[in-house]
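Asker: What follows is a structure written as structure tokens; I'll ask about it next.
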Amino acid sequence: MSYPYQINSFEEYQQAYKKSIEQPEEFWASVAEHFTWRKKWDKVLNWNFTEPTIEWFKGAKLNITENCIDRHLEKLGDKPALIWEPNNPEERVRIVTYNRLHKRVCQVAQMLKNNGVKKGDRVCIYMGMVPELAYAVLGCARIGAIHSVVFGGFSAQSISDRLEDAKAEFIITCDGAYRGEKTIPLKSVIDDALIGNKTVKRIIVFTRTRTPVSMLKGRDVWWEDEMDYAEEQVEKNGVVSFEPEIMDAEDPLFILYTSGSTGKPKGVVHTTAGYMLFTNYSFVNIFNYKQGQIHFCTADIGWVTGHSYIVYGPLSAGATSVMFEGIPTYPDAGRFWDIIDKHKINILYTAPTAIRSLMGFGTKPLENKNLSSLQVLGSVGEPINEEAWHWYDEHVGKKRCPIVDTWWQTETAGILISNFAGITPSKPGWATLPMPGVQPILVDENGNEVLPKENETIAGNLCIKAPWPGIIRTTYGDHERCRTNYFATYQNLYFSGDGALKDKDGNYRITGRVDDVLNISGHRIGTAEVENAINMHVGVVESAVVGYPHAIKGQGIYAFVIVSSKHSDDELTRKDILQTVTRVIGAIAKPDKIQFVAGLPKTRSGKIMRRILRKIAEGEVENLGDTTTLLDPNIVDEIKNGRI
Ligand code: PRX
């Protein structure tokens, strides 16, 4: 079964796109009609990009969980909302129907209420990929608390910074999480994060790994006990209910921290109605989702991809969404293919880094795996190179499945540029055309629109001209930061930080970040953040971090480090630095290469010339451009010779 706003042909796409640009308010109102509102809106859109102020569906009242759960119960109550595949394939799969999801989310909401959580409070969620993570997210939304999910790979220091920034008083975590062979002691990381913290009042701990934990009297409680008690409160005579908090369309739904070009991650804020509409509309249309299909997004809910295309997009559409606890290579490199075979998955949405890493194992792990259920493949998080695209097409999709290359960001909430599966043409390596409601524009450094001469392909910085419902509203606690980061580089434009090409047919190809942000295995890391972490190590005087092409991760982290002479054992110092970065940020930010240098190429005003370091890291040592403005041009040769 399809949806009333589903686009079924290229012509329909063109019509929808045209309408969305010419009459955006009418266009989005006609989509919004198909959702559940407690009160309809007074105005579809108010906006200006100077402050910025962006308000969608102002005056409307709703609760997103009514749209993700309650409204489906009559027809889909017994259908699976979530299929949970555990880390260990020997363990039992959990199938969560919409009825069950409703009950669990009501229980979590009641549990949060019992523990003092109110509308607008910030709840930090630091859990592994267990169904309880989805219940926790939706439970927060049900009572109007703002969730801030922190990926389970981040360090105590990162959590501490995020807790402080969000002034969070509540945490939901697990004793531990399974990831392949490893067990990660989540509660113990939280305990470290809380040393010196004065704001957190309550920690709810779900038992997953039976890792020993320390539970502080008066502060820490067990999920299981609290949920049992809440169950008695929400279930009366077999009827489950927890009255959802009625939210304004523009009430914040969640904060999600992401890296930028400064040292400190920022809390991207998304609000209720626009986020819901945009994730739903993009999910249904880009993947061409038909009710009954099984959708498997391999991301972690700690990243925006998991928020939008495991939880809110699919559930608001009454879809069946697969949640996978483990990693693609455990117990072997055939795990994804086993999961597809076992659950008869129809849509697979993953990252190029996963494809490239699985390519490395050849096609043997695919043998004897029945992938005939697959109908659509998706790619997200980084540019997909043609080799990976063709491998995905040939060996996974068996040349029968359209591949959607979806470009978007934490700040955009959902997909902005992508082909539509089976509806609009694909082009390997190209994200292709914008979603309805999205108006991309390429500008030069001065903000002037780049226009093609005749039929040439043009290049520029990728901006968006007008708001779509999922656009970032603010950065938590610091609206000015939102303005300067996204709306001040070019007047009246949202600036993505990405560079792009546009061909004569209007297709876009994303070429990568044009700022000091790296994309490591589809995860965003700021170079300044890594430098700050390296510089915290006692033996380090100064450092500069750049990206370089990496066969599997897309980009690798190359650090040029000046150490004080006291520390002469390079190998040990390297290990110490890696340990420091892991402690300060998390293992994902560990440099792949560390080169010790005597100095860094700086201009006379003291600015590091990263352009030169980038070229050296990339191995382009011959053509470094003009080095005459450097304070000490000799340092460049030295760095070149020491390259690893
Ligand atoms: O550089 C772009 C890249 O990932 C960045 C956004 O990262 P994040 O906010 O962590 O969100 C990742 C999941 C959406 C972008 O600025 N990126 C994302 N998708 C693509 C991409 N680059 C090329 N092609 C894509 N399809």
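Asker: According to a simple spin-label model (label point 7 Å from Cα along Cα-to-Cβ), what is the distance in nm between Glu51 and Asp592?
Answerer: Calculated label separation equals 4.4 nm.
Asker: Something else: Averaging sequence separations of C-alpha pairs under 8 Å and six or more residues apart, then dividing by the length of segment 233-286, give the relative contact order as a whole percent.
Answerer: Details: 45 pairs, mean separation 15.0, N = 54.
The normalised contact order for segment 233-286 reaches 28 percent.
Asker: Does segment 208-347 come out rounded, prolate or oblate, given a ≥ b ≥ c as the square roots of the eigenvalues of its C-alpha gyration tensor, rounded meaning a/c under 1.5 and, failing that, prolate meaning a/b above b/c? Don't skip to the end; give the middle numbers.
Answerer: Numbers: a/c = 1.24, a/b = 1.16, b/c = 1.07.
Judged from the Cα gyration tensor, segment 208-347 comes out rounded (a/c under 1.5).
Asker: If you add up the charges near Thr183, with Lys and Arg at +1 and Asp and Glu at -1, over every other residue whose beta carbon is less than 13 angstrom from its beta carbon, what do you get? Please list the in-between numbers first.
Answerer: Working: positive: Arg179, Lys182, Lys187, Arg208, Arg210; negative: Asp175, Glu181, Glu325.
After counting each charged neighbour, the total is +2.
Asker: Apply the membrane-span-like helix rule to the chain: whole DSSP H runs, Cα extent along the own long axis of at least 20 Å, mean Kyte-Doolittle hydropathy at least 1.6. List the helices found.
Answerer: Answer set is empty.
Asker: Below 13 angstrom from the Cβ of Ala617, what's the summed charge of the other residues (Lys, Arg +1; Asp, Glu -1)?
Answerer: Numbers: positive: Lys593, Arg610, Arg611, Arg614, Lys615, Lys640, Arg643; negative: Asp592, Glu618, Glu620.
So the environment of Ala617 carries a net charge of +4.
Asker: With both partners inside segment 527-599, how many of the DSSP beta bridges are antiparallel, as a percent to the nearest 5? Before the final figure, lay out each step's value.
Answerer: On the way: 10 of 14 bridges.
Once the DSSP bridges in segment 527-599 are tallied, antiparallel ones form about 70 percent.
Asker: Quick check on the chain: of the DSSP beta bridges with both residues there, what percent are antiparallel, nearest 5%? Let's see the in-between values first.
Answerer: On the way: 63 of 103 bridges.
Expressed as a percentage, antiparallel bridges in the chain total about 60.
Asker: Between segment 369-424 and segment 563-626, what is the C-alpha centre distance in whole Å?
Answerer: 35
Asker: Here's a follow-up. What spacing in nm lies between the two simple spin-label points modelled at Lys264 and Thr199, each 7 Å away from Cα in the Cβ direction?
Answerer: Reported label-point gap for Lys264 and Thr199 is 1.2 nm.
Asker: Lys75 versus Glu387, label points 7 Å from Cα toward the beta carbon: distance in nm?
Answerer: About 4.6 nm separates the two model spin labels.
Asker: Another question, then. Which of the peptides 206-213, 394-401 is most tightly packed, and how do the rest follow, judged by the mean count of other Cβ atoms within 10 Å per residue? Working shown, then result.
Answerer: Details: 206-213: 16.8, 394-401: 15.2.
Most protected by this proxy first, the peptides run 206-213, 394-401.
Asker: Exposure proxy check: Phe324, Phe596, Phe254 ranked by fewest other beta carbons within 10 Å?
Answerer: Values: Phe324 22, Phe596 18, Phe254 27.
The most exposed by this proxy come first: Phe596, Phe324, Phe254.
Asker: Continuing with the same structure: How much length is gained if the chain between Leu572 and Thr629 is pulled fully straight, taking 0.36 nm per residue apart and subtracting their Cα-Cα distance, in nm to one decimal? Provide the component values of the computation, followed by the final result.
Answerer: Working: separation 57, 0.36 × 57 = 20.52 nm, distance 3.52 nm.
Using 0.36 nm per residue and subtracting the Cα-Cα distance, I get 17.0 nm.
Asker: How much length would be gained if the chain were fully extended between Arg38 and Glu231, taking 0.36 nm per residue of separation minus their Cα-Cα distance, in nm to one decimal?
Answerer: Details: separation 193, 0.36 × 193 = 69.48 nm, distance 2.59 nm.
So the chain would gain 66.9 nm between Arg38 and Glu231.
Asker: Which net charge results when you count Lys and Arg as +1 and Asp and Glu as -1 among the other residues whose beta-carbon is under 14 Å from that of Pro428?
Answerer: Working: positive: Lys399, Lys427, Arg509; negative: Glu386, Glu387, Asp393, Glu394, Asp405, Asp503.
Spelling it out: positives minus negatives among the neighbours equals -3.
Asker: Now, a different point. Given R₀ = 35 Å, what would the calculated FRET efficiency be for Lys182 paired with Arg219, taking r from the Cβ atoms and rounding to 0.05? Walk me through the numbers before you get to the answer.
Answerer: Values: r = 27 Å, r/R0 = 0.78.
FRET efficiency, Lys182 to Arg219: 0.80.
Asker: With a ≥ b ≥ c taken as the square roots of the eigenvalues of the C-alpha gyration tensor of segment 510-583, please select rounded if a/c is under 1.5 and otherwise prolate if a/b is larger than b/c or oblate if it is not?
Answerer: Details: a/c = 2.44, a/b = 2.07, b/c = 1.18.
It is prolate, given that a/c is not under 1.5 and a/b is the larger ratio.
Asker: Please report how far the C-alpha centroid of segment 186-265 lies from that of segment 131-152, rounded to the nearest whole angstrom.
Answerer: So the two Cα centres are separated by 8 Å.
Asker: Using alpha-carbon pairs under 8 Å, 6+ residues apart, how would you state the relative contact order of the chain in percent?
Answerer: On the way: 1381 pairs, mean separation 80.5, N = 644.
Answer for the chain is 12 percent.
Asker: Using helices alone, what [θ] at 222 nm do you get for the chain, with -39,500 (n - 2.57) per DSSP H run of 4 or more residues, divided over all residues and rounded to the nearest 500?
Answerer: Values: 19 runs with 179 residues, N = 644.
So the calculated ellipticity at 222 nm is -8000 deg cm²/dmol.
None of the figures in this text is laboratory data; all of them are computed from the coordinates on show. Worth saying up front: this structure is predicted, and the values here are computed from it rather than measured. All Cβ positions, even for glycine, are placed from backbone atoms using ideal geometry, and neighbour counts span all protein chains on display.
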